[in-house]
Amino acid sequence: MRRTLLGPIARAGALLALVGLLGLAAACGGDDETAPATTETPAATTEEAPATTEEAPATTEEAPATTEEPAAPAITVMGVVAPEKANDYGWNQQGVEGAQTAADSIGAELLVADGAGYEDVTPILNQLADDGVQFIIAQASGYNTAAPEFAQATGIPVITYDKPDNTTPGLVADISTSSQQGAYLAGILAAKMSKTGTLGIVESADDTNWHKQAGGFVAGARSVNPDVKVILTQIGQAGYADAAGGKRVTESVIAGGADVVFGMGDGSSFGMLQAVETATPPEGADTVWFIDVIGDKSSIDEKGVLLSSVLWDFTQIFEQALADIAAGTFGNQGYDLNVSNGLSLLQTDHIPADVWAEIETAAAGIADGSIEIPLTPALDDVNALIGG
């Protein structure tokens, strides 16, 4: 069950009280009837004494049971806070949908506070607490200061992103991503599909995950074609929602000869897709393709240019977090999103079967460690890899 919260969160839900009535029955007998029984059983009293002695060890054996930790309360209401609306075919939608699936798996209600923005999220977290949530997913790296402080103050466990030092037993578990793994697969696909030998990368912001994906994409492409040319552009420091900027810079990489564009942008990715849809293919190509990230825009791909997307599915990690809460081990360690638990490449009808088979082989190699991918958390790292 999902409840979307708009504005101040009203307290909801009914309190169920169960009252049990215990009936006591007393058996009555006359004094004349009980007296003989008392005087007639001296031997029985003597014989029962050993039984009392024999039971003593049982009491001793049961003592350790009293020291066991009580079972963690079952999660019946959980919440997710997302900075933008959960209909973006990207980060916010994937987070909310993963949270909903995880909540459904344990029969819990999910309270959704999307469109929360990037400012101080503490008031929204407090409203969720007032509404009875027992676990919160703070779906933005920008919440990784306020959310842990909230957990410390309230005792309500939270998930944060991209700050492993936040991890605190019982309170905070942080999610990091091996985003370069999915992007490596996208790079293989791009190099296989390109006819110009030039690929474009468009980043919406100076974002660690974007840089890691850019590096993975370059490495994957060059595993197919060591001579492939890569043009990297960035909208700005934080152009996540800048659709116009996304369109502008995507047009520039296509003008530079790129016939496959790998775009990372949240809201700005709609501008990137529009630029690809309206582009005149560069010389040597008959189509310009777009590879997206995080979500699936197939349903709005009217021109048929969406080649694929690096999908981020948080469901397995959220389900593991719930299991850890139940086991009393939440926050003992963080989580990593990778090709084994949520990163994958979207298969579309545009991808030839033989190319997809190569991608599946590479995914298996990444999972078993036989394929190593360079880590490029900064823009300078990506540029060095491209230049090398």
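Suppose we filter 254, 325, 291 for residues that are over 26 Å from the mean Cα position of the chain (by Cα) and either more than 16 Å from residue 348 (Cα to Cα) or surrounded by 23 or more Cβ atoms within 10 Å (Cβ to Cβ) (or both); which single one remains? Talk me through it step by step, then tell me what you get.
Details: 325 fails: over 26 Å from the mean Cα position of the chain (by Cα); 291 fails: over 26 Å from the mean Cα position of the chain (by Cα).
Answer to the check: 254.
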Flagged pairs (Cβ under 6 angstrom, 6 or more apart or on separate chains; first in the range 315-331, in contact (Cβ under 8 Å) with a residue 60 or more places away in the chain; second charged (D, E, K, R)) are 330/324
Filter the range 125-149 down to residues that are surrounded by fewer than 24 Cβ atoms within 10 Å (Cβ to Cβ) and more than 23 Å from residue 107 (Cβ to Cβ), then give me how many there are. 10
Would you check which residues across the range 161-175 are of a type in the set (Asp, Glu) and more than 15 Å from the chain's Cα centre (by Cα) and list them? 165
Among (1) buried (at least 19 other Cβ atoms within 10 Å of the Cβ); (2) closer than 21 Å to residue 171 by Cβ; (3) among the hydrophobic types (A, V, I, L, M, F, W, C) - the single one residue 345 does not satisfy: (2)
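Could you tell me which residue of the range 201-251 is surrounded by the most Cβ atoms within 10 Å (Cβ to Cβ), considering only residues that are of a type in the set (Val, Ile, Thr) and over 13 Å from residue 187 (Cβ atoms)?
Residues of the range 201-251 of a type in the set (Val, Ile, Thr): 201-202, 208, 218, 224, 228, 230-231, 233, 235, 249-250.
Then keep just the ones that are over 13 Å from residue 187 (Cβ atoms); that gives 202, 208, 231, 233, 235, 249-250.
Details: 202: 32, 208: 17, 231: 18, 233: 16, 235: 27, 249: 27, 250: 29.
Among residues in the range 201-251 that are of a type in the set (Val, Ile, Thr) and over 13 Å from residue 187 (Cβ atoms), the one surrounded by the most Cβ atoms within 10 Å (Cβ to Cβ) is 202.
Residues checked against (1) closer than 19 Å to residue 234 by Cβ; (2) buried (at least 16 other Cβ atoms within 10 Å of the Cβ); (3) free of Cβ contacts under 8 Å to residues at least 40 places away in the same chain:
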{"site": "351", "(1), (2), (3)": "no, yes, no"}
{"site": "360", "(1), (2), (3)": "no, no, yes"}
{"site": "363", "(1), (2), (3)": "no, yes, no"}
{"site": "368", "(1), (2), (3)": "no, no, yes"}
{"site": "371", "(1), (2), (3)": "no, yes, no"}
{"site": "379", "(1), (2), (3)": "yes, yes, no"}
{"site": "386", "(1), (2), (3)": "yes, yes, no"}
Residues in the range 113-135: is at least one among the hydroxyl-bearing types (Ser, Thr, Tyr), within 30 Å of residue 292 (Cβ to Cβ), at pLDDT below 95 and outside the structural domain of residue 291 (by TED's automatic domain parsing)? yes
Can you find a residue in the range 103-112 that is at pLDDT below 95 and of a type in the set (Gly, Ala, Ser)? no
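The values are calculated or read from the model by the stated rules, or taken from the named source; none is laboratory data. Values in this document were obtained by computation on a predicted structure and should not be read as measured data. Neighbour counts are summed over all protein chains in view; Cβ atoms, including those assigned to glycine, are modelled from backbone coordinates with ideal geometry.
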